[in-house]
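What follows is a set of notes on a single structure, which appears directly below.
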Amino acid sequence: MSKLWNIAVVGATGAVGNQMIECLEERNFPVGKIKYLASARSAGEVMEFNGKPVLVEELTHDSFEGIDIALFSAGGDRSREFCPSAARAGAVCIDNSSAWRMDPDVPLVVPEVNPHAIARYTNKGIIANPNCSTIQMVVALKPLHDYAAIKRIVVSTYQAVSGTGKKAIDELRVQTGELLNGRPAKCDIYPHRIAFNCLPQIDSFEPNGYTKEEMKMVFETKKIMEAEIRTTATTVRVPVFYGHSESVNIETEKKITVAKAMELLKRAPGVDVVDDVANGVYPMPIDAAGQDLTLVGRIREDDSIENGLNLWVVADNIRKGAATNAVQIAEILIEKYLK
Ligand code: NAP
């Protein structure tokens, strides 16, 4: 029998944590012991793994004895504080928060784009999972970049509330119900009402007028693609539960026709080309949710510049944008690096 690995899921009770557990089950990850960690609020709750009960424990610095891989999704503060303890105990951390992403010693990995970067996990015992919007964009752009060298990206996002976690999912559900029943909607998670609205603010504003989310797309794209691609982003929260959509405009060194882009994208790993406008077929969050591919459609040449292309890119932010990407990294780690 092949080796089994002891896994800790940090933030097991959250939106991403729940999905990570489901991904480990679905993909038959060779799990030996599994440990669910969360805050003191959830300690003592019983969840399941492959139909067997697992007790949720409070996250402490001593939680990682005997753990091989720790999947973190409990917020940046917890990752900053506890990843080093987990690494000292011998676990490799795969972190979903933004805490370590831009650390030059920490690889930032999308398996379809830069799997070789995983080798650098030995620096700190930490591998960072990129921001959800960045992951789906680079999955779609990597094959086009390899062919024609992308010089510049202009991206606008339409991001689902599940990207903010379980409390935001409840906020959209409750606000929608209240408004449809003629009652006022209460805002706790977002600065303004999200139901029947769009918020051109994700995370806080930086002094340059961009949000942190927008700047993550700028910086993370360069690090993952290992190229000085100029990127400008506008990130928008929309009243969708699951699935981020993106309008992506690229300018390339060399021309890419629509036919060439289709050909490249059709054979790209992790991509599904959904583009048959004559029959009203294009990517939508309702189709992206619950599966792991990045859907790409509405592929058009941008006639306003010499070498430009427009794309519409949609993926499940909790799966490919977080949990699936992390579990894919873990799969490569055990196959190629851990003994
Ligand atoms: P969430 O649904 O709010 O879940 C947060 C998780 O963190 C819960 O399990 C929570 O445990 C745990 N937690 C909170 N405070 C803690 C503490 N003091 N000690 C231990 N555990 C604590 O949020 P989420 O959407 O899953 O996001 C989790 C992380 O993943 C964040 O860093 C987020 O930026 C990142 N991420 C999210 C997405 C996404 O699409 N949602 C995508 C990429 C990355 P309790 O239940 O006990 O409070």
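Bear in mind these aren't lab numbers, they're just calculated from the coordinates by the rules spelled out. Being a predicted model, the structure only gives us computed values, none of them experimental. So basically every Cβ, Gly included, is an ideal-geometry build from the backbone, and we count neighbours across all protein chains shown.
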PRE zone check, label point 7 Å out along Cα-to-Cβ of K151, amide N under 16 Å, scope the stretch 224-242, hits 228-232
In whole Hz, the Karplus estimates of ³J(HN,Hα) for the stretch 116-130 (6.51, -1.76, 1.60; θ = phi - 60°; x where Gly or Pro) are 4, 5, 4, 3, 7, 4, 5, 4, 10, x, 10, 10, 9, 8, x
In degrees, nearest 10, the alpha-carbon axis of helix 212-225 is tilted away from the dominant principal axis of the alpha carbons of the chain by 90
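Of K142/K260; K151/K216; K142/K339, which pairs sit farther than 20 Å apart, going by alpha carbon to alpha carbon?
K142/K339
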To the nearest 10 degrees, the tilt of helix 132-148 (Cα long axis) against the first principal axis of the alpha carbons of the chain is 50
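Placing unit charges on C-beta atoms (Lys and Arg positive, Asp and Glu negative, everything else neutral), compute the dipole magnitude of the chain about its Cα centre in debye, rounded to 20.
My answer is approximately 240 debye.
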For T234, the residues 5 or more places away or on another chain with a placed amide H closer than 5 Å to its own amide H are V155, S156, T157
In the stretch 120-217, the trypsin sites (Lys or Arg not before Pro) that sit in a DSSP loop and have at most 14 other Cβ atoms within 10 Å of their own Cβ are K186
Residue by residue through the stretch 319-326, the couplings from Karplus 6.51 cos²θ - 1.76 cosθ + 1.60 with θ = phi - 60°, in Hz, x for Gly and Pro, are 8, 4, x, 8, 5, 4, 4, 5
For K212, counting only aspartates and glutamates whose alpha-carbon sits under 15 Å away and dropping same-chain residues fewer than eight positions off, the answer is D203, E220
Stretched fully, the stretch from E48 through E25 gains (0.36 nm per residue minus C-alpha distance, one decimal, in nm) 7.2 nm
Filtering trypsin sites (Lys or Arg not before Pro) in the stretch 217-312 by DSSP loop and by at most 15 other Cβ atoms within 10 Å leaves K254, K255, R267
Using alpha-carbon coordinates alone, the radius of gyration and Dmax of the chain in Å work out to 20.1, 60
Here the percent of antiparallel bridges among DSSP beta bridges lying wholly in the chain, to the nearest 5, is 45
Calculated from DSSP helices alone, with each H run of at least 4 adding -39500 (n - 2.57) and the total divided by the residues of the chain, [θ]222 nm to the nearest 500 comes to -8500 deg cm²/dmol
Measuring from the longest principal axis of the C-alpha atoms of the chain, the long axis of helix 76-88 (C-alpha) lies at a number of degrees, nearest 10, equal to 50
So, with points 7 Å from each Cα along the Cβ direction, the E178-K260 label distance in nm works out to 5.3
With R₀ set to 41 angstrom, the calculated FRET efficiency between the beta-carbons of D303 and A119, to the nearest 0.05, is 0.45
Simple spin-label estimate for E206/S39, 7 Å along Cα→Cβ, in nm, reads 2.8
